[in-house]
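Presented below is the structure to which this report refers.
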Amino acid sequence: MRKKVILITGASGEIGQALVKALAKQSEMPILSLDIAPVPEDLHTLVTAMQGDIMDKALLSRLVSEYELATIYPLAALLSARSEFTPEPPPSAPHLGLHSPGNTHLQYCSKATY
C-alpha cells in the first residue's frame, strides 16, 4: 500500500521552505519534498526529502509507485538567469507540476495546488 503524502517540488527554495514549515504545523499528512538541491537541515524532521531532477521520468515513476500523492505544490523552477528574461519553459520541462506532454503522473494525484 502506498503512503499518502503531500508533495512539494522546489522545497529547498525560499517559498518552498516556508510552505513546508506552514504545512507541517497545519497538516497531519506526511510531506514529501523533491528538489535538485538538498533541503536545509532544519527541514529534515518535517519532510521526507528526495533529491533529484523533476525532469527525471524514472524518478517520478518511482515516486508515484511508492507514494499516493494527495496534493502537489509545484514550486520547482528553471535554474537560469536567462529565465528572468525568457520565462517560458521548454516543452519538455515538467518543472511546474509534473504535467508535461506525455507525462501522466498527475493522474495519481487527487489535487494540484498552484
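The values are calculated or read from the model by the stated rules, or taken from the named source; none is laboratory data. These numbers were taken from a predicted model, which means no experiment stands behind them. Cβ sites come from the backbone with ideal geometry, for glycine too, and all protein chains shown count toward neighbours.
Identify all residues within the stretch 13-45 that are under 18 Å from THR71 (Cα atoms), assigned to a loop (DSSP other than H, G, I, E, B) and touching a residue at least 12 places away in the same chain (Cβ under 8 Å); write none if there are none. Within the stretch 13-45, SER27, MET29, PRO30 qualify. Taking the criterion of being modelled with pLDDT of 60 or more and out of contact with any Lys or Arg (no Cβ under 9 Å at 6 or more places or on another chain), the residues of the stretch 57-83 that qualify are LYS57, ALA58, LEU59, LEU60, SER61, ARG62, LEU63, TYR73, PRO74, LEU75, ALA76, ALA77.
Among the residues of the stretch 1-12, what is the count of those that are assigned to a strand (DSSP E or B) and surrounded by fewer than 13 Cβ atoms within 10 Å (Cβ to Cβ)?
The initial filter retains those residues of the stretch 1-12 that are assigned to a strand (DSSP E or B), namely 3-9.
Restricting the remaining residues to those that are surrounded by fewer than 13 Cβ atoms within 10 Å (Cβ to Cβ) gives 3.
Adding up the residues that qualify gives 1.
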